[in-house]
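Below you'll find the structure, written out as structure tokens, and then a few comments.
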Amino acid sequence: MSDLPAQRHELRASDSDRDRTAEMLRDAFGQGRITVAEMEERLTLVYAAKTYAELEPITRDLPEAGAAGTSPAAGAAVAGYRIGDTPNVKFSIAIMGGAGRHGAWVVPRHYTAFALMGGVELDLREASFAEREVTIQAFTIMGGIEVIVPEDIEVVVSGFGLMGAVDHDAGGPGKPGAPRVRVNAFALMGGIEVKRKPPKPPKGAKRVKDRAPQPELED
């Protein structure tokens, strides 16, 4: 982000302003200009920034990002993920029960998960994405929501708990080109957890337990 006129420094930054700055950081990370630790530190500053004056120093030592590319074609593979598929669900609701999404499904641009005295589990490890960036709005009242994400995608978690808890530990950058998942969370007397897990083993694969070698018997 280039130097801004003095009169703009105190203007409030929008979500799109923060997203553009984060995109510059992702490009710089993919080019090897900044480290993983620097990426995490700067992304934290980006999403905490309220004004242009707070955003501008974050990318002052980086070149301007190139013109934005076109959106991926439907079903295009980007960094190993399918991006551009058409979603057919936009929410999960659990009231004194359970709900969730698992396996192969399409995460829309905006997804809502709500749990009232119940539980919702969203597993994104085998999912494809409608767009490169998706947002999950997670709300729970006396319930729980768990979001499982692959280990190599970018995750941004924001929100808080009121007599409850929101776990931010899974936040951080992913590999260049991978989707970004933003989780906006609020927990009232409940809990919301975002966790990273490795891919599921292929169906039909059997886990072989380690066995101690058996002594050979002499004839």
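The values are calculated or read from the model by the stated rules, or taken from the named source; none is laboratory data. This structure is a prediction, so every number in the text was calculated from the model and none was measured. Using ideal geometry, Cβ is built from the backbone for each residue, glycine included, and neighbour counts are taken over all protein chains shown.
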key: Answer residue from segment 1-47, given it is among the polar types (S, T, N, Q) and in a helix (DSSP H, G or I) and is modelled with the lowest pLDDT among those   = Gln7
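Residue-wise test of (1) free of Cβ contacts under 8 Å to residues at least 60 places away in the same chain; (2) surrounded by fewer than 18 Cβ atoms within 10 Å (Cβ to Cβ); (3) assigned to a strand (DSSP E or B).
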| residue | (1), (2), (3) |
| --- | --- |
| Asp85 | yes, no, no |
| Asn88 | yes, yes, no |
| Ser92 | yes, no, yes |
| Ala99 | yes, no, yes |
| Gly103 | yes, yes, no |
| Ala113 | yes, no, yes |
| Glu121 | yes, no, yes |
| Glu126 | no, yes, no |
| Glu131 | no, no, no |
message = Tell me the residue from Gly119, Gly100, Gly69, Gly84 that is within 20 Å of Lys195 (Cβ to Cβ) and at pLDDT below 95, please.
response = Gly100
